[in-house]
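Asks: Next up is a structure, given as structure tokens.
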Amino acid sequence: MKRLLLLSTALLMAGAAQAEDRMAEELMALDGDAPTIVVTATRDQGYRAASIGSATRTDTPLLDVPQAVTVLTRQRLDDQALLSVQEALRFVPGAVGAQGEGNRDQIVLRGNNSTSDFFVDGVRDDVQYFRDFYNLERLEILKGANAMIFGRGGGGGVINRVTKTPMLDDRAIAGDAAVDSWGSWRLASDLNLPLATGIAGRLNAFYEEASNHRDFYGLTRWAVNPTLGVDLGGRGTLVLGYEHAADDRVADRGIPSQNGRPAPVDRGLFVGDAALNRSRFNVDALSLAADYRLSDTVSLRHRTRWADHDKEYVNVYAAGPLAADGSVLIEAYRDPTSRQNLFSQTDIDITAELGGTRHNILAGFELGRQVTRNQRINGFFDTVAGGPRQVRVALTNPFAPPPVTIRAGSGNRSIRGQAEVAALFVQDQMTIGEHVELVGGLRYDRFELTVDDLLGGARFARVDHLWSPRAGLVVKPAANASLYASFSRSYLPQSGDQFASLDLSLAALEPEGFLNREIGAKWDITPGLNLNVAYYVLDRTNTRAPGAVAGTIELTGRQRSRGLEVGLDGEIAPWWQLQAGLAVQRARITSTTSAAPA
């Protein structure tokens, strides 16, 4: 929503100021001969992110990451009140937010469409819903094939939300309020409180009611996210978290097209049934994050996340373009989905010097289980059984569709799917001298999918063995600049990114492949301002295509995206922060697919 007024407060109560007072007292108490301890670290400066943990699963300066990454820092999100994926991607080169049928986040990264390449704190978060940024520390968009770190999918890139965690030594409270000219309003809060020595709690929450220029549109959503942080004897931290989020809104599919362009109708015209079109979503999630340093050279990292998602939406929508006579074909359906996700990641990170080279070796495994129950229950335009699933209706303003009945009938779907993944991976970040770094990694996934067709009484299953390599070269002609080249590969099983379809034909097909080749440069013009440039070629293969025999499927479809991305992030002056980007992309179907000809 367009915010005309944004009020924000941040009160540090016995926080940074008290920390400085304690430090001053301790320094005064020290003997004059006591040694001085200097601690150095990198931190975000305004809009410029200094390092990232998700790109390599290790804390790595962005200059040393051989791929294009855009990070929206907390200050960046606050300055423009960015609260959703759609709003954020307007400012990210090479990334586009799609409509998502009015009920979910949907993204196009380097020409590849996805509803599932979302992660929270590095853990898969692939259910279809709208994500709010109320509890985020930063938003990370990693481009190119990312399977070595994140697993299946991620062919064009992934989006990772990094959430806020408790601050052990600070007491702080912050809040914001927003209203706009459509009557929307929002309240949010962030409370951090030390509970005992080495223990702190944090609570993020928000509530929002919104409207916009679209007729009949409205939404109500809220969430609460308490977390507890514990210091592990100075060697690491343990963070426990719980989140409940709810979203209830009108499912708005927009206006129909005409001759390949938006139909010339009022921009507020709602093409649907205001009494039926609805999207409702609820999630309850538990998380555990532990980081522990066994020694100066060995550390452990563990993440576990369990989430229970419940979603339902009903659509009455335009199923075709506006005809010359001013009518439009409409359909309707109801789509309830429940999914339970459980993922566990465990890594060991070892630093060592071998033969004059420095190594940061990462090894680990991931286990996951997802159980999905999904239905599609079609709508029929009838008062008695036997009516049609589609009718043609005059596009009037306001739109007046005939009564629809959501009931059992032809074309319905009812499935139960279970996806299980077991993965092993290893990676080495090797530094040769002061100017050359190599990154190499390999991941193996065993991905098993079983789908029960509850209407047809059939079961289909497939097991894929996915090998996802990654290689990168970083050359640093200066301490504040780098040149890189990289190669990476990802895979996506043919059941789609939501496991909604698997039949005898699809169960026999190999996964789609994504091969990303990229060169680029990064330059810290000043300590607070970074320029980055990337050129890439991304090939998608094994895409479904019509077979030589009618009704059959072949994996001969291919597409290629080539592009140039430029980003400038950081501080020009203390009063002037900048994040600018430019993307030029050429994407084409190189071999006919089921969706489009070459």
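The values are calculated or read from the model by the stated rules, or taken from the named source; none is laboratory data. Please read these numbers as outputs of a predicted model, since none were measured by experiment. Neighbour counts run over all protein chains shown; Cβ positions are idealised from the backbone, glycine included.
Asks: Have a look at E518, E512 and point out the one that is surrounded by 16 or more Cβ atoms within 10 Å (Cβ to Cβ) and at pLDDT 95 or above.
Replies: Among E518, E512, only E518 is surrounded by 16 or more Cβ atoms within 10 Å (Cβ to Cβ) and at pLDDT 95 or above.
Asks: With respect to L228, determine if the residue is assigned to a strand (DSSP E or B) and either surrounded by fewer than 17 Cβ atoms within 10 Å (Cβ to Cβ) or not basic (K, R) (or both).
Replies: yes
Asks: Specify which of the listed residues (T556, T526, T543) is at pLDDT 90 or above and hydroxyl-bearing (S, T, Y).
Replies: Going through T556, T526, T543 in turn, the sole match is T526.
Table: residues versus (1) in contact (Cβ under 8 Å) with a residue 60 or more places away in the chain; (2) surrounded by 13 or more Cβ atoms within 10 Å (Cβ to Cβ); (3) in contact with a strand residue (DSSP E or B) (Cβ under 8 Å, 6 or more places away or on another chain).
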| site | (1), (2), (3) |
| --- | --- |
| I406 | yes, yes, yes |
| G409 | no, yes, yes |
| G417 | yes, yes, yes |
| A423 | yes, yes, yes |
| T431 | yes, yes, yes |
| G441 | yes, yes, yes |
| W467 | no, no, yes |
| V474 | yes, yes, yes |
| Y484 | yes, yes, yes |
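Asks: Let me confirm something: among D252, D248, D266, D284, which residue is among the acidic types (D, E) and either buried (at least 17 other Cβ atoms within 10 Å of the Cβ) or farther than 30 Å from D335 by Cβ (or both)?
Replies: One residue alone meets the criteria, D252.
Asks: Please enumerate the residues belonging to region 96-146 that are within 29 Å of N315 (Cα to Cα) and acidic (D, E).
Replies: E101, D105, D117, D125, D126, D132 - these are the residues of region 96-146 that are within 29 Å of N315 (Cα to Cα) and acidic (D, E).
Asks: Let me ask something else about it. Criterion first (in a loop (DSSP other than H, G, I, E, B), more than 20 Å from D79 (Cβ to Cβ) and either touching a residue at least 24 places away in the same chain (Cβ under 8 Å) or of a type in the set (A, V, I, L, M, F, W, C) (or both)) does A200 satisfy it?
Replies: no
Asks: While we're looking at this one, here's another question. Do you know which of the residues in region 395-418 that are within 35 Å of the chain's Cα centre (by Cα) and not in a loop (DSSP other than H, G, I, E, B) is farthest from V328 (Cα to Cα)?
Replies: Ranking the qualifying residues of region 395-418, first place goes to Q418.
Asks: Checking Y134 against (1) modelled with pLDDT of 95 or more; (2) assigned to a strand (DSSP E or B); (3) not aliphatic (A, V, I, L, M): exactly one of these is not met. Which one?
Replies: Here Y134 meets the rest and fails (2).
Asks: Being charged (D, E, K, R) and at pLDDT below 95 is true for just one of D284, D291, D325. Which residue is that?
Replies: Of D284, D291, D325, the one residue that is charged (D, E, K, R) and at pLDDT below 95 is D325.
Asks: Can you tell me which residue within region 392-401, out of those that are surrounded by fewer than 16 Cβ atoms within 10 Å (Cβ to Cβ) and touching a strand residue (DSSP E or B) at 6+ places or on another chain (Cβ under 6 Å), is nearest to G457 (Cα to Cα)?
Replies: Among those residues, the one meeting the criterion is R392.
Asks: Out of D310, D273, report the one residue that is part of a loop (DSSP other than H, G, I, E, B) and not aliphatic (A, V, I, L, M).
Replies: D273
Asks: I need the full set of residues from region 173-199 which are crowded, with 18+ Cβ neighbours inside 10 Å, out of contact with any Ser or Thr (no Cβ under 9 Å at 6 or more places or on another chain) and not basic (K, R), in order please.
Replies: If the condition is that a residue be crowded, with 18+ Cβ neighbours inside 10 Å, out of contact with any Ser or Thr (no Cβ under 9 Å at 6 or more places or on another chain) and not basic (K, R), then A188, D190, N192, P194 are the ones that fit.
Asks: Further question: Being closer than 28 Å to G513 by Cβ and among the small types (G, A, S) is the filter; apply it to region 82-113 and report the residue that is surrounded by the fewest Cβ atoms within 10 Å (Cβ to Cβ).
Replies: A98
Asks: So K164 clears everything in (1) free of Cβ contacts under 8 Å to residues at least 60 places away in the same chain; (2) within 25 Å of D284 (Cα to Cα) except one condition, right? Which one?
Replies: Just one mismatch for K164, condition (1).
Asks: Still on this structure: Test S116 against the criterion of being crowded, with 20+ Cβ neighbours inside 10 Å and of a type in the set (S, T, N, Q), and give yes or no.
Replies: yes
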